[in-house]
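The values are calculated or read from the model by the stated rules, or taken from the named source; none is laboratory data. If you're wondering where the values come from, they're calculated on a predicted model, not measured in any experiment. Because the Cβ atoms are built from the backbone with ideal geometry, glycine has one as well, and the counts that use them run over all protein chains shown. The protein model used for the area step is the full one, side chains on, heavy atoms only, and it has no ligands, DNA or RNA in it. Shrake-Rupley method; radii C 1.70, N 1.55, O 1.52, S 1.80 Å.
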Amino acid sequence: MEAETEQNRGALVNRLTTQKDWDLIVIGGGATGLGIALEAVSRGYSALLVEQADFAKGTSSRSTKLVHGGVRYLAQGDIQLVREASIERGLLWRNAPHLVKNQTFIIPIYTWWDRLKYTIGLKLYDWIAGRLSLGASVFIPRNKALFKLPNIRSKGLVGGVLYHDGQFDDSRLAINLVQTIIEKGGTALNYMKVTGLIKDNGQHISGVTVKDIETNQSYTCKAKAVVNATGVFVDDILQLDNPTGSKSITASQGVHLVLDKRFYPADDALMIPATSDGRVLFAVPWHGKVVVGTTDTPVKEASLEPQALEKEIAFILENAANYLVEQPKRSDVLSVFAGLRPLAAPQDGKQKTKEISRSHKIMVTPSHLFTILGGKWTTFRKMGEDMVDRIEKELQWPHKETGTRHLSIHGAMANVNLNDPLYFYGSDTANVKALMNGHANQWLSNSLQIHEAQVIWAVQHEMARTVEDVLSRRTRALLLDARESMRMAEPVATIMAKELGKNESWIREQVAAYTKLAERYLLV
């Protein structure tokens, strides 16, 4: 791809001075904002997306790695959300087949009542998805369940219910969406912070002021519509519009632990339907490791780097131990990561976060600030479609049909070899391997299969600006093995410095900052 990514970021930044007016400015570079910007450019609108940190820095790189209809939403009776998510799951599987795979899940069954309940429930799950279903659910007998779940607790096991959902790499999808937006003529910039909202004489929002975090230079960008898609930070932008506004978001923290595959050496994911707090717990194979989570803990303050609480770590280890023969200990955890879910604040203030709908909600202020709340990765495309539809309606633009339902995402390639450590590059894999051939045998990590060429590629083609960008989101080293990623920090910084024209001081600062960050992903 020779679209303007790093060559250089300056080329994209220059558009902020050469292009005076945009149709849409989207604030926020997570799943929601990327979906809106992609929807806008797919309809032919000019769109600028700005993100204060890196793309998918927050919640959008810290998911359970599932593209799913939502079995537990079905249990809550939210049929509409399950239907919408099941359709979007099927579309994304087709549009980004290099990143989304059909993953089988098994629910271990220990009573005949559970067999009946989950078999019927999952048949309904299949039916709701219709022709976009990823496969039929079936009951499997005890001997087959023990074979497929080799470490599962066997005492009292009746069998299992096998069903299909999607599994993906969240931050890699975000990067591919950025590339697609740019290829479609849009502009997407990381490390560009909105500092103010501009209003016309009628007190309607007509643009934003932004500051480039790297240069401290400020820009004024005018637009017909401004969208607030900042996840758990939506209230910060709403307060720029109306400092006296009430709180619209409540945040819920989800924590995941990453373990070595030996604790769960299966190809099928494990779904534990009822834990001690009533939440669903997953153990999902991912990049040669297993991700176990998630929790649902209300938090008062939003943060770009939320911290796992001790009670959440204990909860996951305790519930996993109830199902796995070899019980993982704190010292076995390779990485722990936390993400914040942006949920629409309940009106009564009493609803538990796990009971709040994951459906998205669009708000429009009197000054025409368009804000989107809630939602989840699986439905990002539909959220974008709904938002652009709403903008067209509110601002009385002629309606244009969505262009994203069948739009291939950058890198899309069918039949990828999942055993190839570079499979997630999709159609870019050949180019990455060609770059590797020019840097023979320069593996930065044998255990994680990360090569020097991937760092160069991330800078040149994926707008990586920091060591964290490379080790957390362009590769997934931080989440897969935090300690190993710390060992890689200095060589990564050295490679990046050469590509970005940085000095020794920058290398030292980057290594120190990354080491401090990665230590938070370790259990000591």
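Numbers for the structure displayed
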| read-out | value |
| --- | --- |
| Cross-link table Lys193/Lys393; Lys148/Lys261; Lys123/Lys289; Lys101/Lys289; Lys211/Lys382, entries beyond 19 Å C-alpha to C-alpha | Lys193/Lys393; Lys123/Lys289; Lys211/Lys382 |
| Per principal axis, descending, Cα span of the stretch 396-524 in whole Å | 52, 40, 35 |
| Average accessible surface area per residue within the chain, 1.4 Å rolling probe, Å² | 40 |
| Rounded accessible area of Arg341 (nearest 10 Å², 1.4 Å probe) | 50 |
| Table column - 3J(HN,Hα) (Hz), the stretch 177-191, Karplus curve with 6.51, -1.76, 1.60, x for Gly and Pro | 5, 4, 4, 5, 4, 5, 5, 8, x, x, 10, 10, 10, 8, 6 |
| C-alpha long axis of helix 112-129 to longest principal axis of the chain, angle in ° | 30 |
| Expected-Rg normalisation [2.2 N^0.38 Å, Cα atoms] applied to the stretch 420-464 | 1.05 |
| Segment Glu509-Lys20, length gained on full extension (0.36 nm per residue, minus Cα span) | 172.5 nm |
| Degrees separating the helix 79-95 axis from the principal Cα axis of the chain, which is the longest one | 70 |
| Distance between modelled label sites at Leu124 and Val325, nm, 7 Å Cα→Cβ extension | 3.5 |
| Contour minus Cα-Cα distance for Arg262 and Ser447 (0.36 nm per residue) | 65.1 nm |
| Computed lengthening from Gln460 to Lys193, 0.36 nm per intervening residue step minus Cα-Cα distance | 93.9 nm |
| Under the Karplus curve 6.51 cos²θ - 1.76 cosθ + 1.60, θ = phi - 60°, whole-Hz ³J(HN,Hα) for the stretch 235-252, x wherever Gly or Pro sits | 5, 4, 6, 4, 6, 5, 7, 9, x, 9, x, 7, 5, 10, 10, 10, 10, 10 |
| Förster radius 22 Å - calculated FRET efficiency between Gln307 and Arg487 (Cβ-Cβ, nearest 0.05) | 0.45 |
| Ellipsoid semi-axes in whole angstrom, largest first, where each is sqrt(5λ) of the Cα gyration tensor of the stretch 77-217 | 46, 18, 15 |
| Cα-based Rg / Dmax (Å) for the stretch 180-229 | 12.2, 36 |
| Rounded to 5, the percent of DSSP beta bridges in the chain classed as antiparallel | 75 |
| Spin-label model distance (nm) - Asp420 vs Thr215, 7 Å beyond Cα toward Cβ | 3.8 |
| Ala11 paired with Lys393, simple spin-label distance in nm, labels 7 Å along Cα-to-beta-carbon | 3.9 |
| P(r) of the stretch 441-503 over all Cα-Cα pairs, binned every 5 Å from zero, in whole percent | 4, 21, 36, 25, 12, 2 |
| For Ala269, distant residues with modelled amide H under 5 Å away | Thr104, Phe105, Ile106 |
| Ellipticity estimate at 222 nm from DSSP helix runs (n ≥ 4, -39,500 (n - 2.57)) divided over the chain, nearest 500 | -10500 deg cm²/dmol |
| Fraction of accessible area attributable to carbon and sulfur, the stretch 419-461 (%, probe 1.4 Å) | 43 |
| Order of exposure, largest accessible area first, which applies to Val82, Val138, Val299 with probe 1.4 Å | Val138, Val299, Val82 |
| Rounded D (µm²/s) - the stretch 1-90, Kirkwood Rh over Cα pairs, Stokes-Einstein at 10 °C, 1.306 mPa s | 101 |
| For the stretch 196-206, 3J(HN,Hα) per residue [Karplus equation, 6.51 cos²θ - 1.76 cosθ + 1.60, θ = phi - 60°, Hz, x = Gly/Pro] | x, 10, 9, 10, 7, 5, x, 6, 9, 5, 10 |
| Computed E for Phe147/Arg520 - FRET, C-beta separation, R0 35 angstrom, nearest 0.05 | 0.35 |
| 5 angstrom amide H check on Ser206, placed H, neighbours 5+ away | Ile198, Lys199, Asp200 |
| Pairs of alpha carbons in the chain whose separation is greater than 46 Å (percent) | 9 |
| Between helix 380-394 and the chain: long-axis angle, C-alpha atoms, 0 to 90°, nearest 10 | 40 |
| Amide H within-cut-off set for Ile450, under 5 Å, with H built and near neighbours excluded | Leu444, Ser445 |
